[in-house]
Amino acid sequence: MTFYGIFFFYIIFWTAVVSPTPILNRGYKPKTNNFDLTIEKVTLAPDGFTRQLSTVNGQYPGPTLEVNKGDRIVMKIHNKLGEPTAIHAHGMLQRGTPWFDGVPWMAQCVIPDDYEFTYNFTVPDQVGTHWYHAHETMQYVDGVFGALIIHDPDDPYKSEYDEEIIVMLNDYHHTNAKILLKQFLSPESQGIEPGKKD
Ligand SMILES: [Cu+2]
């Protein structure tokens, strides 16, 4: 093969094979991330009004879980809530691990009070800003939720931003969600959601 033949072969090989498969350039080795999450009721005043909230590790919102694409997520749940719970990692594909999807009575039984349960799954093919939350009754309205961030070690836009800031938006009430649900389901609510009347 001539010099130009080798040159053109290299160009074609690079554009057709190497360039579209950035995974070949990855130096990142997936790791296992262990999270200890205690679901418990605590008294807090996130907006100045003191009330009892259901929390993850005593904070509102719960701790942000940050992992990288390809990692394993091991969430050990300690249920100290005084009632059954289950934790759903929202939007995770759970390929091969549907039993760790955290939806009670579909994917698993609830985690009884004072029990532990460990979710163990990988995130091989998705990145981005997600969240996790209780999937039992109205617990997430009372505070059992937090951000779940999957970073991309090969983020093609990494050089184009300085930092990432997480903003979580949610309806927040001063009344326990169980009471709100009862009110909402009564004819008096006329189907209007709590806090939307005034
Ligand atoms: Cu969800």
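Values quoted throughout were computed directly from the atomic coordinates according to the rules given, and no laboratory measurement underlies them. It should be emphasised that the depicted structure is a prediction, and the values quoted were computed from it without experimental measurement. Neighbour counts are summed over all protein chains in view; Cβ atoms, including those assigned to glycine, are modelled from backbone coordinates with ideal geometry.
For a quick check of your reading of the filter: which chymotrypsin sites (Phe, Trp or Tyr not before Pro) in segment 144-192 sit in a DSSP loop and have no more than 11 other Cβ atoms within 10 Å?
Those that pass, being in a loop and sparsely packed, are Tyr157, Tyr161.
For segment 138-163 and segment 62-135, compute the distance between their C-alpha centroids and round to whole Å.
15
How much mean residue ellipticity at 222 nm does the chain get from its helices, if each DSSP H run of length 4 or more adds -39500 (n - 2.57) and you divide by all residues, to the nearest 500 deg cm²/dmol?
After summing the helix terms and dividing by the residues of the chain, the value is -3000 deg cm²/dmol.
According to a simple spin-label model (label point 7 Å from Cα along Cα-to-Cβ), what is the distance in nm between His78 and Leu44?
1.7
Going by amide H atoms built from the backbone, whose H comes under 5 Å of the H on Ile149, apart from near neighbours?
So Ile149 has HN proximity to Leu65, Glu66, Val67, His130.
Go ahead and set up a Gaussian network model of the chain, Cα springs under 10 Å, then flag whichever of Gln94, Gln183, Gln108 fluctuates most.
Highest fluctuation of the listed residues: Gln183.
Amide H neighbours of Gln59 under 5 Å, at least 5 residues apart or on other chains, H built in the peptide plane: list them.
none
Aspartates and glutamates near Lys41 by alpha-carbon distance under 14 Å, same-chain residues fewer than 8 away left out - which ones?
By straight Cα distance, Lys41 reaches Glu83, Asp113, Asp114, Asp142.
Among the DSSP beta bridges whose two residues both lie in the chain, what percent are antiparallel, rounded to the nearest 5?
Taking every DSSP beta bridge within the chain, about 65 percent pair in antiparallel fashion.
Gaussian network model of the chain, Cα springs within a sub-10 Å range: biggest mean-square fluctuation belongs to which of Ser54, Ser159, Ser186?
Ser159
Any chance you could give the angle, 0 to 90 degrees and rounded to 10, that helix 3-13 forms with the longest Cα principal axis of the chain?
Approximately 10 degrees, to the nearest 10.
To one decimal place, what Kirkwood hydrodynamic radius in Å is obtained for the chain from all pairs of distinct Cα atoms?
Mean inverse Cα-Cα distance, inverted, gives 19.7 Å.
Label point 7 Å out from His90 along Cα-to-Cβ: which residues of segment 45-69 have amide N under 15 Å?
Zone members listed by number: 56, 61-65.
Between Gly91, Gly27, Gly146, where does the largest GNM mean-square fluctuation fall for the chain, given springs only between Cα atoms within less than 10 Å?
Most flexible of the set in this elastic network: Gly27.
Return the subset of Lys80/Lys178; Lys31/Lys76; Lys29/Lys76; Lys80/Lys196 for which the Cα-Cα distance in this structure is over 25 Å, preserving the input order.
Checking Cα-Cα distances, Lys80/Lys196 exceed 25 Å.
At most 10 other Cβ atoms within 10 Å and a DSSP loop assignment: could you name the trypsin sites (Lys or Arg not before Pro) in segment 102-198 that fit?
Of the trypsin sites (Lys or Arg not before Pro), the ones in loops of segment 102-198 whose Cβ has at most 10 other Cβ atoms within 10 Å are Lys196, Lys197.
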